[in-house]
1. Taking the beta-carbon count within 10 Å as an exposure proxy, list 125, 232, 285, 144 from fewest neighbours to most.
2. Report, to two decimal places, the Cα Rg of the range 255-375 normalised by 2.2 N^0.38 Å (N = number of residues).
3. Lys/Arg Cβ at +1, Asp/Glu Cβ at -1, dipole of the range 59-112 taken about the Cα centre: which of 61, 107, 75 is farthest positive-ward?
4. Evaluate the relative contact order of the range 255-375 (contact order divided by residue number), counting alpha-carbon pairs under 8 angstrom at least 6 apart; express in whole percent.
5. Among 317, 243, 259, whose Cα sits farthest toward the positive end of the charge dipole of the range 240-338 (+1 at Cβ of Lys/Arg, -1 at Cβ of Asp/Glu, about the Cα centre)?
6. Just from its helices, what would the mean residue ellipticity at 222 nm be for the chain, if runs of 4 or more DSSP H residues each count -39500 (n - 2.57) and the sum is divided by every residue, rounded to the nearest 500 deg cm²/dmol?
7. With the dipole of the chain worked out from charges on the C-beta (+1 for Lys and Arg, -1 for Asp and Glu) around the Cα centre, which of 22, 232, 199 lies farthest toward the positive end?
8. Roughly how big is the chain's charge dipole about its Cα centre, with Cβ charges of +1 (Lys, Arg) and -1 (Asp, Glu), in debye to the nearest 20?
Amino acid sequence: MAVVKPFICVRPKPELASRVAALPYDVYNRKEAKEAALKDPLSFLNIDRAESNLPDDVDTYDPIVYQKAKELLDAREADGTYLTDTEACYYVYELIMDGRSQIGIVACASIDDYKNGVIKKHENTREEKEQDRIRHVDTCNAQTGPIFLAYRNNAVISGIVAKTMQNEALYAFTADDGITHNVWRISDAADVNAIRDAFAGIGQIYIADGHHRAASAVKVGFRRREANPNYTGEEEFNFFLSVLFPEDQLMILPYNRVVKDLNGLSEEAFLKAISKHFAVKEVGTKPYAPAKKGTFGMYLSGKWYELTADAELMAITDPVAALDVSLLQDYLLGPALGIGDPRVDKRIDFIGGIRGLKELERRCKLDMTVAFSMYPTQITELFDVADAGLLMPPKSTWFEPKLRSGLFIHKLS
């Protein structure tokens with residue numbers, strides 16, 4: 001039983017939404033974040049990455065950074081950039097990329113569901129990355145970046161969403177990157193109750209993206225419980241900001257790989273080594289994107305190849321070992337190219353599918369030798385791994401489009 005509740009939202013004035021909405025804080029390095037934030041003082045990136053408003057010699061994680069974030073958030077509320085809704089509502093959030101629509105429900109999920117496994121994870125988190133967002137959430141007394149959650153299709157929720165989208169939108173704008181963002185509010189009491197009850201009948205919810213933000217929000221909630229031993233469980237710090245998408249709305253892009261060298265092998269020896277587990281077929285100079293599970297593209301010396309995993313590999317049933325990213329790592333990158341732990345090996349790099357296959361060719365001409373294009377991990381595979389209580393290998397999924405920060409803020413008290 002999942003607890004997914006409406007909330008009182010702090011959100012930008014409609015005429016300012018396009019200026020406020022910002023890509024997530026963690027898609028930028030410090031230099032990029034500062035350049036992007038300072039283009040517009042209303043961009044939420046100024047709050048998400050408040051070091052952008054401080055001298056460059058201030059450490060990114062200095063306490064003054066989080067105080068600056070709170071100062072800027074308070075200022076935007078005071079000057080009317082943000083308004084606060086008067087009742088707890090759900091919101092419909094539609095993102096359109098390249099003509100494809102992705103529609104979710106903005107709501108608050110339960111920290112208890114996270115702890116008890118109703119909300120399922122498929123990635124480990126790193127303590128140092130958690131600490132940054134813990135300090136940000138705690139100091140600002142607000143969750144500002146929604147967690148990307150997924151659930152299995154539900155007809156009741158889908159029906160209410162479709163009905164709501166017939167109304168006038170709260171927000172409707174297209175960002176500089178071409179992604180369109182549309183938002184509607186669900187305030188009708190019957191619809192609110194129906195959505196709450198529908199989620200209560202859903203046994204599992206899955207973190208698709210935002211594992212560190214989720215872990216951080218949950219830890220802040222439990223800290224506040226310790227500081228408030230008479231808590232009831234209904235306080236806002238018991239919940240965290242989320243956007244929940246049904247499985248049929250999600251598109252996972254591939255997470256491609258590039259490797260610096262052939263591990264001392266000649267091209268002939270390398271091709272022979274990988275043919276132990278993969279059928280190798282040269283396909284020419286046109287970029288090759290795999291069309292089905294168990295197939296891979298490979299770019300080497302100006303040529304593209306199709307690699308097809310053999311029957312033995314395709315018969316693997318373990319939900320992690322059967323992933324295409326695992327097949328490539330366990331039967332090619334590891335044994336042939338000597339990539340032991342891809343999380344720390346400096347000879348491998350990962351290219352999000354949004355960058356396209358030409359980026360693989362560019363990197364091979366610039367600083368790498370061989371590239372691999374992947375068939376994207378499927379949402380059902382993510383569910384299977386999480387249901388088994390297992391973890392995906394690093395860089396298994398790339399979700400696009402990215403949820404914008406700053407459109408929805410959840411205050412903790």
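No value in this document is a laboratory result; all are computed from the given coordinates. Note that the structure is predicted; figures quoted are calculated from it, not measured. Ideal geometry is used to build each Cβ from the backbone, glycine not excepted, and the neighbour counts take in all protein chains shown.
1. Result, fewest neighbours first: 232, 285, 125, 144.
2. 0.97
3. 107
4. 45
5. 259
6. -8500 deg cm²/dmol
7. 22
8. Taking the Cα centre of the chain as origin, the dipole is about 480 debye.
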